[in-house]
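**Student:** Before anything else, here's the structure in question.
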Amino acid sequence: MRLAGTAVADESLANEKGTGSEEADADAGAALAADALRSRFAETAYFNAALRTDARGEVTMEFTLPEALTSWSFTALGHTRQMDYGRLDTLIVARKMLMATAALPRYVRTGDRVTLPVSVQNLAGSPVSGTLTAEVLDAATGRRLLRQRLPFADVAPQGTQTFHFTVDVPQTTALDCRFLAEGDAFSDGEAHLLPVLADAVETVRSVAFTLDSDRPLTLRLDTLWRGSKGADNARLMVETSANPLWYAVASLPALTQGEATSATEWARRYYAVTLAARMVRDMPALATAFDAPTAEATSPLLRNDDVRAILEAETPWAARLDSEAQRREAMQRLFDDGAIAATQATAVERLLALQTAEGGWSWYPGMPANAHITAEVAVLLARLYHLTGDATLRRSRDRAMTWLAAEMAREVKARKAAKSEAPLGMTALRYLYARALMGQKPDADARYLMACAQRRPLATSLHEKAMLAVVMARSGEQTEAATLCRSLLEHTVTAPAMGRWFDSRRAPLTRESYRIPTQTAAIEALMLVGGDDNRRAADEMRRWLMQAKRTQHWQGSTATADAVYALLAQPESRQRLKADGDTAVVYHTLLRGRRILDANDAASALAPQTVGYTCRQWMGDTATTATSLTLRRAGSKTPAWGSVTARFTTPVA
């Protein structure tokens with residue numbers, strides 16, 4: 001087997017002959033032609049992983065090198081069907097007899113005075129004389145900022161001469177830098193885009209608020225503009241969400257993203273898309289609610305990957321909407337009928353493949369059935385049936401519960417034999433919870449496990465206690481469930497804006513969930529036990545859960561699944577998703593002292609469907625001189641979220 005390759009430089013590299021000095025002098029006032037200069041400096045010249053040899057065992061490849069004058073590493077690896085292989089490593093050198101090379105900084109800032117070094121290198125066998133022309137343009141407008149010609153004389157063979165050009169950087173996005181060296185017989189040149197960053201720093205100050213129904217809220221604004229004297233680009237923005245419950249639904253895409261391989265990952269994915277399918281069936285407008293045109297960058301500057309990367313990295317506020325656009329696209333895919341059907345079919349196929357013949361689910365393919373994994377998948381499927389009535393995997397779920405019952409019977413036997421007083425594990429609690437959620441009455445083993453869970457309350461975490469309260473309530477043990485709920489509430493704290501949450505080390509705290517599983521289990525228990533006080537406490541805990549979503553993306557899959565279930569488990573919550581988006585109204589009044597600068601009427605205050613998101617902005621003096629903002633909510637009993645944000649830019653010190 002033979003490997004043969006040929007690299008062909010393009011015409012701008014291959015053509016060594018340049019224009020003579022007399023022609024250059026005659027055209028001294030004209031702009032340097034960008035297409036005559038080297039400007040493509042990709043770091044990878046060629047890659048092909050599917051080359052095949054001909055009848056003689058040879059491979060011929062042709063490619064055009066980028067325009068960087070440098071050494072290129074060439075590596076070729078070939079193998080036969082019997083895995084005999086050969087490898088070729090060599091260097092390809094791209095060079096010209098006369099080379100002009102610019103050493104530019106990564107970026108500059110508006111107002112800088114920058115010196116650009118350019119080296120002229122002679123690889124010919126005799127001294128070279130000629131001129132070096134430098135031209136710098138404003139890339140946005142084409143305005144010439146610099147044009148200078150400097151002579152070079154008798155550059156020795158293999159010698160280098162360096163020149164420096166100074167330019168003042170204006171307010172723009174990039175500089176178009178062009179350099180051309182012309183000798184007696186040869187010429188070479190480069191063209192580069194040099195990113196220009198703003199000489200200003202953006203300051204963002206924000207005040208978040210929670211707006212209760214029919215209770216006006218007045219916010220001071222003068223404190224937001226402290227230190228903004230002489231600032232530019234001043235903008236005041238008030239954002240409100242009339243139906244914040246929708247932000248919990250917006251967490252569902254987190255369950256469908258990334259690569260799924262385990263049974264729990266596929267179960268969560270099936271949970272999310274099936275819940276989305278039910279929502280689309282109940283609210284057809286969801287199929288188009290998240291549609292938004294995607295604005296492609298039309299600026300030729302942003303088509304340059306290097307320039308775009310630098311501008312986005314150094315000026316993050318220029319791309320602050322990217323993550324929001326990505327989340328909108330994820331929601332759009334989630335509620336797409338075709339995507340839902342495809343994901344459901346794949347998830348069902350994977351879950352059936354991961355279920356063993358005995359009925360238990362294995363964690364990953366090829367592993368034996370695992371009680372913990374089986375209990376977690378069974379709980380998700382039971383919750384999904386409770387929310388949507390979906391029975392696609394009901395037979396698989398029932399087989400899993402039968403297998404779990406056998407596993408629990410062995411655990412009960414072992415506990416009795418050892419007279420164990422050890423706390424009940426989470427796997428057994430999940431088994432009891434799934435039974436209760438499916439409406440199965442406790443059998444002898446289940447009652448024994450329930451009794452074990454109550455023996456050592458101080459050794460039980462609040463999460464386990466909340467799950468046990470749900471099991472007791474659904475099993476008809478209302479007295480025991482009420483006692484557990486009272487104990488849970490003793491470990492909570494409240495605040496009017498934040499609601500009610502656990503402030504105890506016995507509520508498991510993890511990096512991903514921040515006690516969310518404990519919170520969601522407690523909400524379910526309080527609603528099942530009932531009573532005005534418990535329902536009020538559950539509402540307060542839902543408020544904290546939504547406030548937690550306000551500041552977290554809930555990237556943890558378990559936390560997301562638990563929270564969505566807690567917020568949507570009650571029928572009135574699911575009805576609210578449909579109703580509030582059409583009826584909720586948020587009014588605002590912008591004031592300067594007692595003078596009204598701006599206010600909205602009922603027509604402009606009506607919120608759109610779903611999240612009920614509205615946004616109002618004020619610019620310039622209207623923004624900076626406003627002293628207060630009064631907000632009022634009408635048309636809904638649920639609280640609204642919002643924030644007031646001031647943005648302005650100040651010069652870099």
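The values are calculated or read from the model by the stated rules, or taken from the named source; none is laboratory data. The structure presented is a predicted model; accordingly, all values stated were derived computationally and were not measured. Note that we place each Cβ from the backbone using ideal geometry, even for glycine, and neighbour counts take in every protein chain shown. We work out accessible area using only protein heavy atoms, side chains counted, and drop any ligands, DNA or RNA first. Shrake-Rupley method; radii C 1.70, N 1.55, O 1.52, S 1.80 Å.
**Student:** Do we find a residue being modelled with pLDDT under 90 and part of a helix (DSSP H, G or I) anywhere in region 488-502?
**Tutor:** Within region 488-502, not a single residue is modelled with pLDDT under 90 and part of a helix (DSSP H, G or I).
**Student:** Considering region 357-370 alone, what residues qualify as being hydrophobic (A, V, I, L, M, F, W, C) and without any contact (Cβ under 8 Å) to a residue 60 or more places away in the chain?
**Tutor:** Passing the criteria: Ala357, Met367, Ala369.
**Student:** For the condition at pLDDT below 90, exposed (fewer than 12 other Cβ atoms within 10 Å of the Cβ) and in contact with a Lys or Arg (Cβ under 8 Å, 6 or more places away or on another chain), what is the one hit in Ala339, Ala297, Ala309?
**Tutor:** Only one candidate qualifies: Ala297.
**Student:** Based on this model, can you work out whether Pro442 counts as in contact with a helix residue (DSSP H, G or I) (Cβ under 7 Å, 6 or more places away or on another chain), within 21 Å of Leu484 (Cα to Cα) and surrounded by fewer than 19 Cβ atoms within 10 Å (Cβ to Cβ)?
**Tutor:** Answer is no for this residue.
**Student:** Can you name the residue in region 612-628 that is modelled with pLDDT of 85 or more and over 17 Å from Arg226 (Cα atoms) and, of all such residues, is surrounded by the most Cβ atoms within 10 Å (Cβ to Cβ)?
**Tutor:** Per the stated criteria, the residue is Trp618.
**Student:** Right, next: Within region 31-71, track down each residue that is open to solvent by less than 30 Å² (accessible area, probe 1.4 Å) and in a strand (DSSP E or B).
**Tutor:** Listed by number, the residues that qualify are Arg38, Val59, Phe63.
**Student:** Filter region 243-268 for residues that are touching a strand residue (DSSP E or B) at 6+ places or on another chain (Cβ under 7 Å) and either acidic (Asp, Glu) or modelled with pLDDT of 70 or more (or both) and give the result.
**Tutor:** Ala263
**Student:** Further, regarding this structure: Among (1) farther than 27 Å from Ser206 by Cα; (2) at pLDDT 75 or above; (3) surrounded by fewer than 20 Cβ atoms within 10 Å (Cβ to Cβ), which single condition is Ala561 missing?
**Tutor:** Condition not satisfied by Ala561: (3).
**Student:** Are any residues in region 190-215 within 24 Å of the chain's Cα centre (by Cα) and assigned to a loop (DSSP other than H, G, I, E, B), and if so, which ones?
**Tutor:** Of everything in region 190-215, nothing turns out to be within 24 Å of the chain's Cα centre (by Cα) and assigned to a loop (DSSP other than H, G, I, E, B).
**Student:** Further question on the same structure: What's the number of the condition Ala124 fails, among (1) open to solvent by 20 Å² or more (accessible area, probe 1.4 Å); (2) assigned to a loop (DSSP other than H, G, I, E, B); (3) within 30 Å of Asp154 (Cα to Cα)?
**Tutor:** (1)
**Student:** Further, regarding this structure: From the list Met467, Met401, which one is over 23 Å from Thr346 (Cα atoms) and crowded, with 18+ Cβ neighbours inside 10 Å?
**Tutor:** Just a single option satisfies the conditions, and that option is Met467.
**Student:** Which numbered condition trips up Thr166, out of (1) open to solvent by 20 Å² or more (accessible area, probe 1.4 Å); (2) free of Cβ contacts under 8 Å to residues at least 40 places away in the same chain?
**Tutor:** Unmet condition: (2).
**Student:** Kindly establish whether Arg333 is surrounded by 13 or more Cβ atoms within 10 Å (Cβ to Cβ) and touching a residue at least 24 places away in the same chain (Cβ under 8 Å).
**Tutor:** yes
**Student:** Against the conditions (1) crowded, with 18+ Cβ neighbours inside 10 Å; (2) modelled with pLDDT under 90; (3) among the β-branched types (Val, Ile, Thr), where does Thr510 fall short? Just the number, please.
**Tutor:** Failed condition: (1).
**Student:** How many residues are open to solvent by 20 Å² or more (accessible area, probe 1.4 Å) and of a type in the set (S, T, N, Q) if we restrict to region 375-398?
**Tutor:** Within region 375-398, residues that are open to solvent by 20 Å² or more (accessible area, probe 1.4 Å) and of a type in the set (S, T, N, Q) number 1.
**Student:** When Ala124 is evaluated against the numbered criteria (1) at pLDDT 85 or above; (2) in contact with a strand residue (DSSP E or B) (Cβ under 6 Å, 6 or more places away or on another chain), which criterion, by number, is the only one it fails?
**Tutor:** Going through the list (1) at pLDDT 85 or above; (2) in contact with a strand residue (DSSP E or B) (Cβ under 6 Å, 6 or more places away or on another chain), Ala124 breaks only (2).
**Student:** Is one or more of the residues making up region 211-226 free of Cβ contacts under 8 Å to residues at least 24 places away in the same chain, open to solvent by 60 Å² or more (accessible area, probe 1.4 Å) and touching a strand residue (DSSP E or B) at 6+ places or on another chain (Cβ under 9 Å)?
**Tutor:** For region 211-226, residues free of Cβ contacts under 8 Å to residues at least 24 places away in the same chain, open to solvent by 60 Å² or more (accessible area, probe 1.4 Å) and touching a strand residue (DSSP E or B) at 6+ places or on another chain (Cβ under 9 Å): present.
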